[in-house]
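**Q** This is the structure I have questions about; it appears just below.
The values are calculated or read from the model by the stated rules, or taken from the named source; none is laboratory data. Note that the structure is a prediction, hence the values are computed from the model and not measured. Counting neighbours? That spans all protein chains shown, and the Cβs are built from the backbone with ideal geometry, glycine included. We work out accessible area using only protein heavy atoms, side chains counted, and drop any ligands, DNA or RNA first. Shrake-Rupley method; radii C 1.70, N 1.55, O 1.52, S 1.80 Å.
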Amino acid sequence: MRVFMALAMSITLGAGLARAQQPVDTEKELEKYRQMMSDPMSNPGFLNVDRGEVLWAQKRGSKNASLEACDLGEGPGKLEGAFAKLPRFFADTGKVMDLEQRLAHCMETQQGLDMADIIRRRFGAPGRTSDMEDLVAFIANKSSGMKYSAPLAHPKEKEAFAIGQELFFRRSDFMDFSCATCHAEEGKRIRLQGLPQLNKAGKDAQATMGSWPTYRVSQSQTRTMQHRLWDCYRQMRSPEPVYLSEGLTALTLYLVKQAEGGEIQVPSIKR
Amino acid sequence: MKTLSISALLLAGLCILGPARAQDAPKPDAKRLEEVTKAMWPKTPEGWEKRISYDETQAVCSQFRNDLPQAEFDKVRARELATIKLPADGKVMGDWKAGQRFANDGRGGTFTDRPMTNGANCYACHQMDRFELSYGTLGPSLVNYGKDRKYAAEEAKAAYAKIYNSMAVMPCSTMPRFGYHGFLTEQQMKDLTAFLFDPESPVNK
């Protein structure tokens, strides 16, 4: 937080100076700030990883079961590399699922957890931890150093990708925005915030998707892709998209395919 | 929320479009897509009943990835032009200082906002006052906008109309249709026009 304040001050001061002299190289300053924050030893996202590890093994719910029999696509209880291949098709549900949908499925069917409570706490807040954010941080971390490689082989996976692509370009609501409004060109910004180009495979998509879940300094919480997309639609002035809905998974699949071959390093830390 | 029959629109779009572009995956089944979007947003939030959720222009811009064939382009432009309501008093210039405030304000209109006067958030995408360093680059720079147009009354009127409905000028423009959607009030659009066209405005300094 202190670093953040210092940076905010230096930007303010910088802007003041720039009026008199010349513009500071803002992008360089921001890059320095990002580097200061990304030290893994000081990333609070690893607290979520630790909590997630406990939650994974803990016997809970009406069935007094842990999640250790949960199949995330690589076999029951197999965590290494599972996140790198999601979202994917699961024969037992007949659906393409992302990590959060799959976890919700296991929590409900194998543990008998109170899903209303899980969903109420889907996004952590001061004084309220989120089991989902903790578990996602823990499981995604088990794919750190690996590369995104969703199978995209089953017809339902191909259908989900096509739906995700349509949603990416779907303009709607109060401001006529789609994902593509901000993320279909190279090197653009909103205010000073750089915008990754996500409609084509390559480094932008790899850097973006490879760094989610992430600890958001501005929110003091570790956030998942479900939250990222929820917040995008909020900023687009759309109605609130339903958590764990099929469309969000389709969009995620579209995005991880653009990020294919990109290395996963999570949880990361971001503004 | 006003919603057209999405499947009808999509089907119409698919017939016009023919084969998908090379870099695109095959189009999904239109009915499935409608099902999926319906499940993402199953009900209209309270107080949002008058908001447009998906209109004909949005549908065709989505379908063609904002790159319309000429016939569609002309159709959209004519349709959007017909929605523009210029101020009844004939004046498009308001208070540039108020316009400056709205241009810098990005609040309002989200599902976590209380009802409030919406900011126009121009700086999210445009450079305006050259001394404001925090500006986005999705839209063109508007530095010297009025000066470059010799402060002509007709140009100011055109700017008001463009803020009201950008797609009447450029179908499938990235810029929101602020007046058409009722996102900004008439007074706000006048103030923003003044921010662009008043010789005293920092945009022209």
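**Q** I'd like the FRET efficiency for B:Lys75 and A:Asp117, computed as 1/(1 + (r/R0)^6) with the beta carbon distance as r and R0 of 45 Å, rounded to 0.05. Numbers along the way, then the final one.
**A** Working: r = 51 Å, r/R0 = 1.13.
Rounded to the nearest 0.05, the efficiency is 0.35.
**Q** So, R0 is 45 Å and r is the distance between the beta-carbons of A:Ala125 and B:Ala98; what FRET efficiency does that work out to, to 0.05?
**A** Efficiency for this residue pair is about 0.80.
**Q** Continuing with the same structure: Extent of the range B:48-132 along each principal axis, from alpha carbon coordinates, in Å, largest to smallest?
**A** 41, 35, 31
**Q** Continuing with the same structure: Which of the DSSP-defined H helices in chain A satisfy a minimum axial length of 18 Å, computed from C-alpha atoms, and a minimum mean Kyte-Doolittle hydropathy of 1.0?
**A** Both cut-offs are met by A:2-20.
**Q** If you take each beta carbon of peptide B:103-111 and count the beta carbons of other chains within 10 angstrom, what is the mean?
**A** Values: counts 0, 0, 0, 3, 0, 2, 7, 10, 8.
Mean inter-chain Cβ contacts per residue within 10 Å come to 3.
**Q** Relative to the longest principal axis of the C-alpha atoms of chain B, give the angle of the C-alpha long axis of helix B:153-164, reported between 0 and 90° and rounded to the nearest 10°.
**A** With both axes taken from Cα atoms, the answer is about 40 degrees.
**Q** If you project the alpha carbons of chain A onto the principal axes, what extent comes out on each, in Å, largest first?
**A** 67, 38, 35
**Q** Let me ask something else about it. If you average 1/r over every pair of different alpha-carbon atoms in the protein assembly as shown and take one over that average, what Kirkwood value in Å do you get?
**A** 24.1 Å
**Q** Let me ask another. Tilt of helix B:186-197 relative to the longest C-alpha principal axis of chain B, in degrees (0 to 90, nearest 10)?
**A** 60 degrees
**Q** Select from the range A:115-194 those GluC sites (Glu not before Pro) which occupy a DSSP coil region and have at most 12 other Cβ atoms within 10 Å, ordered by residue number.
**A** Within the range A:115-194, the qualifying GluC sites (Glu not before Pro) (loop, at most 12 other Cβ atoms within 10 Å) are A:Glu186.
**Q** Contour minus end-to-end for B:Met116 and B:Lys31, with contour as 0.36 nm per residue of separation and end-to-end as the Cα-Cα distance?
**A** 26.9 nm is the gain from fully extending B:Met116 to B:Lys31.
**Q** Under the rule of -39500 (n - 2.57) per DSSP H run of 4 or more residues, summed and divided by the residues of chain B, what mean residue ellipticity at 222 nm is obtained, to the nearest 500 deg cm²/dmol?
**A** Rounded to the nearest 500, the figure is -11500 deg cm²/dmol.
**Q** Taking N as the number of residues in the range B:59-205, what is its Cα Rg relative to 2.2 N^0.38 Å?
**A** Output field value: 1.04.
**Q** Now, a different point. Sort by residue number and name the cysteines in chain A that have no neighbouring cysteine Cβ under 4.7 Å.
**A** Lone cysteines by the Cβ rule: A:Cys179, A:Cys182, A:Cys232.
**Q** State the antiparallel share, in %, of DSSP beta bridges confined to the protein assembly as shown, rounding to the nearest 5.
**A** 75 percent
**Q** Provide the packing ranking of B:101-107, A:101-107, A:82-88, i.e. peptides ordered by the mean count of other C-beta atoms within 10 Å per residue, highest first.
**A** Packing proxy ranking, top to bottom: A:82-88, A:101-107, B:101-107.
**Q** Let me ask something else. If each of B:Glu46 and A:Glu108 carries a label point 7 Å out from its Cα toward its Cβ, how far apart are those two points in nm?
**A** Those two pseudo-labels are separated by 2.6 nm.
**Q** Under 1.5 on a/c is rounded, so check that first for the range A:32-78, then, if it is not, pick prolate when a/b is larger than b/c and oblate when it is not; a ≥ b ≥ c are the square roots of the alpha carbon gyration tensor eigenvalues.
**A** The shape class here is prolate.
**Q** To the nearest whole number, what is the average tally of beta carbon atoms from other chains within 10 Å of the beta carbons of peptide A:209-216?
**A** 0
**Q** What is the total of Lys pairs in the range B:20-125 with C-alpha atoms under 30 Å apart, excluding same-chain pairs fewer than 8 positions apart?
**A** 14
**Q** A further question on this structure: What is the spread of the Cα atoms of the range A:127-183 along each of their three principal axes, largest first, in whole Å?
**A** Between the extreme Cα coordinates on each principal axis of the range A:127-183 lie 39, 36, 20 Å.
**Q** What 222 nm value per residue comes from the helices of chain A, counting each DSSP H run with n ≥ 4 as -39,500 (n - 2.57) and dividing by all residues, nearest 500 deg cm²/dmol? Working shown, then result.
**A** Numbers: 11 runs with 119 residues, N = 271.
Theoretical 222 nm ellipticity from helices: -13000 deg cm²/dmol.
**Q** Please state the charge dipole magnitude for the protein assembly as shown, taken about the Cα centre, from unit charges on C-beta atoms (+1 on K and R, -1 on D and E), reported in debye and rounded to the nearest 20.
**A** 460 debye
**Q** Other chains' Cβ within 10 Å of B:164-176 residues: what's the mean?
**A** Taking the mean over all residues of the peptide, I get 2.
**Q** With +1 assigned to the C-beta of every Lys and Arg and -1 to the C-beta of every Asp and Glu, and no other charges, what is the dipole magnitude of chain B about the Cα centre in debye, to the nearest 20?
**A** 100 debye
**Q** Any idea how far the Cα center of the range B:58-87 sits from the one of the range A:156-206, in Å?
**A** Here the answer is 21 Å between Cα centres.
**Q** What total accessible surface area, summed over both chains, is buried at the interface between chains B and A, computed with a 1.4 Å probe and given in Å² to the nearest 100?
**A** 4600 Å²
**Q** Additional query: I'd like the FRET efficiency for A:Lys28 and A:Ala91, computed as 1/(1 + (r/R0)^6) with the beta carbon distance as r and R0 of 45 Å, rounded to 0.05.
**A** Details: r = 50 Å, r/R0 = 1.12.
Given R0 = 45 Å and the Cβ-Cβ separation, E is 0.35.
**Q** Where the centre of each part is set by its Cα atoms, how far does the range A:26-75 sit from the range B:157-205, in angstrom?
**A** About 45 Å separates the Cα centre of the range A:26-75 from the one of the range B:157-205.
**Q** Mind listing P(r) for the range B:160-202? All alpha-carbon pairs, 5 Å bins, whole percents.
**A** Final binned percentages: 6, 26, 27, 20, 15, 6, 0.
**Q** Cross-link candidates for A:Lys78: which lysines have Cα within less than 18 Å, leaving aside residues fewer than 8 places away along the same chain?
**A** Straight-line reach from A:Lys78, under 18 Å: A:Lys59, A:Lys142, A:Lys147.
**Q** Can you tell me what the convex hull of the Cα atoms of the range A:56-107 projects to on average, as an area in nm²?
**A** Result: 3.4 nm².
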